[in-house]
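Chemist: Okay, handing you the structure first.
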Amino acid sequence: MLCIGGPYSSCMLAAVLNLGVFTAAAVFAGWFGLGVLLQLWAMLQDGGCIMMVDAFLQAALYYCYGRVGWMSTELEKIPMMINVSKTIKSATLRILDAFVDSIFQFVDQPVLPSQRNFLPVEEIGHIVQIEGIVGEIPADFPEGVYIRNGANPLWGGLKSAISVFGRSNHVWIEGEGMLHALYFTKDINGNWSFSYNNRFVESQTFKMEKQRNKPSYLPALEGDSPAILATFLLNAFRFGDVNKILSNTNVFEHGGKYYSIAENYLAQEIDISSLSTFDDWDLCGAWCRPFTSHPKKAPGTGELVIMGVDAVKPYYVVGVVSADGKKLIHKADVKLERSTLAHDIGVTQKYNIILDYPLIIDVYRLFRGGPIGVMPRYGDADSIRWFNVESYCTFHILNCFEDGDEVIVRACKSNESIIPGPDWGIDKFKWFSKGFKPLSTSTEEEDDNGSIKDGFLFTCVNEWRLNMETREVKERNLSGTEYSMDFPMINEGYTGLRCKYGYTQVIDSEASSICGKTKYGSLAKLYFEEPDSLASSKGHFGNPIKMEHHKFAKNNFCTGSAFVSKLGASKEDDGWIVAFVHDEDTDISHVIIVDAKNFEGEPIAKIPLPQRVPYGHHGAYFQTTSQR
């Protein structure tokens, strides 16, 4: 069986096949001898079988180069039937590398001026002291490190690969993970000092490409069908997997250790002082599958609830890790009937909350109508209660908790999936630009010309109330239709418990539409237990709960925001929001600190950074006693 680990990469191959692109697949099979390729891969994995290699390689290379008289003399030396030893396997892989180098051309994807801060930066790799802070850090602000993860493509930006098979592209979620860390340190006299570092997450595939000193993995998530199939198989032949380990999405702590993660692979342990990368975290071999980017600590026990999705059965597996991080104490196959690209999992005091999907690989790019599952902490597939809800796409859960017979799920909901983007052949920039525009007030999904209306990527904070006794579902939009928002956060001490407040990054719809990529121009604080006194005067823009906004200066945008709890806090919102903010006019990045109780006021502090920090994904603040 072809081993295609990782949900994003492997599901895209499933999509190519499931969508019925049989003509393209058949043409490609004729070019490349698809059956022989699959056999070759299986045998290379076994590492010691008799196989035909020469016929496959010569047929492929002859098709591509025969008309110009090119043929490798190496191929003529390989017998038709060979015993695959390590030496022969190595030689075969070298020939495949030469084939890829000869037929595929890497090119940079175009970048608009408004997209400049999505471009990668150089690795610093050591601590840099910071001066020139504006404002003051309060005495009850905890010492610690604020870390944000994000994609930072190793070779100068996202690439496309062009060949006789067509074109394949990286998509916006790809790129090696880079950690950006700001250290908050206080001496015995109470004086603060600040330092910064950035460093790549040095996964196995990162180290391999660094050693090769060139792009090696072919883009395999988007493109012409024959090109996608070719890149999948060639990556699998050469590297044992179809895509790189991304590790570019989030950072988290458990059992006193720290991890970088993206859900196409295991978590990698990191040292938050130096940002160096240690080993993969597979729980002593007990967890050998992809790992969610958003594990949750269960209230009360401190156990870590995880899940992993894949393109082959079991599609969705839930796990519970001991509070000390040393043992996987529970593991259960949810027994879904198809692959789903779930990004987050929720917890309450007794339950695990399963989002059946935000994105399902099926005949349709976005499958409509997936349920929400409520699973006892140590339950199995038969113990899950499924609730059918209105069509939704949710990548990020804000919080979940129990209220009598009801389980409450609050999360960011949209009507369309931003991952992976438009179907192949549709203008990507126009699709994102249209999706990010302010939400249309019409309830119709299409306009008079049959085109999808503006604002289909609009995201609100939504609430589902799931009654465990009657199976009734109550749903409402909490944040209204004026502000699109995502990347939610809370005081993590309230994870799985009833909370009064939530915080989000607010999308600047105009700037995002112009750019064709998401830009967050402000922050929002949501008061879940206070109604909005002005809702009736806002018409269709009205939201049922009170919200406050912290708006940035023009052309300033944030990523990786996190809540920092005050030392000795007595109330839920005793603390601050920290965020990496970039000023596109000056091309300077900084970290701001916003008082959660004076949310619309000026930041209490603004810390300049020694170099530009590209827009990225999730961040976290880890309290420590000291940092070196």
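The values are calculated or read from the model by the stated rules, or taken from the named source; none is laboratory data. Remember, predicted model here, so these are calculated numbers, not experimental data. Reconstructed Cβ throughout: ideal geometry from the backbone, glycine too, with neighbour counts over all protein chains shown.
Chemist: Select, from K519, K554, K500, the only residue that is in the same structural domain as Y146 (by TED's automatic domain parsing), at pLDDT 95 or above and crowded, with 22+ Cβ neighbours inside 10 Å.
Modeler: Of K519, K554, K500, the one residue that is in the same structural domain as Y146 (by TED's automatic domain parsing), at pLDDT 95 or above and crowded, with 22+ Cβ neighbours inside 10 Å is K519.
Chemist: Additional query: Name the one entry in G150, G177, G132 that is within 28 Å of I604 (Cα to Cα), surrounded by 23 or more Cβ atoms within 10 Å (Cβ to Cβ) and either assigned by TED's automatic domain parsing to the domain that holds T205 or among the acidic types (D, E) (or both).
Modeler: Of G150, G177, G132, the one residue that is within 28 Å of I604 (Cα to Cα), surrounded by 23 or more Cβ atoms within 10 Å (Cβ to Cβ) and either assigned by TED's automatic domain parsing to the domain that holds T205 or among the acidic types (D, E) (or both) is G150.
Chemist: Can you name every residue in the stretch 504-533 that is of a type in the set (S, T, Y) and out of contact with any Asp or Glu (no Cβ under 9 Å at 6 or more places or on another chain)?
Modeler: If the condition is that a residue be of a type in the set (S, T, Y) and out of contact with any Asp or Glu (no Cβ under 9 Å at 6 or more places or on another chain), then S509, S512, S533 are the ones that fit.
Chemist: Could you grab the pairs with beta carbons closer than 7 Å, sequence gap of 6+ or different chains, first residue in the stretch 224-251 and outside the structural domain of W172 (by TED's automatic domain parsing) and charged (D, E, K, R), second one surrounded by 24 or more Cβ atoms within 10 Å (Cβ to Cβ) and at pLDDT 95 or above?
Modeler: Going by the 7 Å Cβ cut-off, there are no qualifying pairs.
Chemist: Continuing with this model, one more query. How about the stretch 195-218: which of its residues are part of a helix (DSSP H, G or I) and of a type in the set (D, E)?
Modeler: Of everything in the stretch 195-218, just one residue is part of a helix (DSSP H, G or I) and of a type in the set (D, E), namely E209.
Chemist: Here is a follow-up. Please enumerate the residues belonging to the stretch 97-144 that are among the hydrophobic types (A, V, I, L, M, F, W, C) and in contact with a Phe, Trp or Tyr (Cβ under 6 Å, 6 or more places away or on another chain).
Modeler: Within the stretch 97-144, F118, V128, I130, I137 meet the criteria.
Chemist: Which residues, counting only those in the stretch 311-351, are of a type in the set (K, R), over 26 Å from M489 (Cβ atoms) and without any contact (Cβ under 8 Å) to a residue 60 or more places away in the chain?
Modeler: Hits for the stretch 311-351 are K313, K327, K331, K335, R338.
Chemist: Shifting gears a bit: If a residue must be part of a loop (DSSP other than H, G, I, E, B) and either outside the structural domain of G616 (by TED's automatic domain parsing) or of a type in the set (S, T, Y) (or both), how many such residues does the stretch 486-497 contain?
Modeler: 1
Chemist: Consider only pairs whose beta carbons are under 6 Å apart and that are at least six residues apart or on different chains; among these, list those whose first residue lies in the stretch 168-180 and is touching a residue at least 60 places away in the same chain (Cβ under 8 Å) and whose second residue is of a type in the set (S, T, Y) and part of a strand (DSSP E or B).
Modeler: That search, which allows pairs on different chains as well, returns N169/S160; G177/S260.
Per-residue answers, yes or no, for (1) buried (at least 20 other Cβ atoms within 10 Å of the Cβ); (2) within 22 Å of the chain's Cα centre (by Cα); (3) assigned by TED's automatic domain parsing to the domain that holds A562:
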site	(1), (2), (3)
Y217	yes, yes, yes
A220	yes, yes, yes
Y259	yes, yes, yes
D280	no, yes, yes
G285	no, no, yes
P295	yes, yes, yes
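Chemist: Within the stretch 297-309, can you find the residues that are surrounded by fewer than 21 Cβ atoms within 10 Å (Cβ to Cβ) and either among the acidic types (D, E) or under 20 Å from the mean Cα position of the chain (by Cα) (or both)?
Modeler: Matches in the stretch 297-309: K297 only.
Chemist: For residues in the stretch 522-539 being assigned to a strand (DSSP E or B) and farther than 29 Å from N555 by Cα, which is modelled with the lowest pLDDT?
Modeler: P531
Chemist: Say we look at the stretch 160-171 and pick out the residues that are buried (at least 21 other Cβ atoms within 10 Å of the Cβ) and not hydroxyl-bearing (S, T, Y); which of these is farthest from C558 (Cα to Cα)?
Modeler: Among them, the one singled out is F165.
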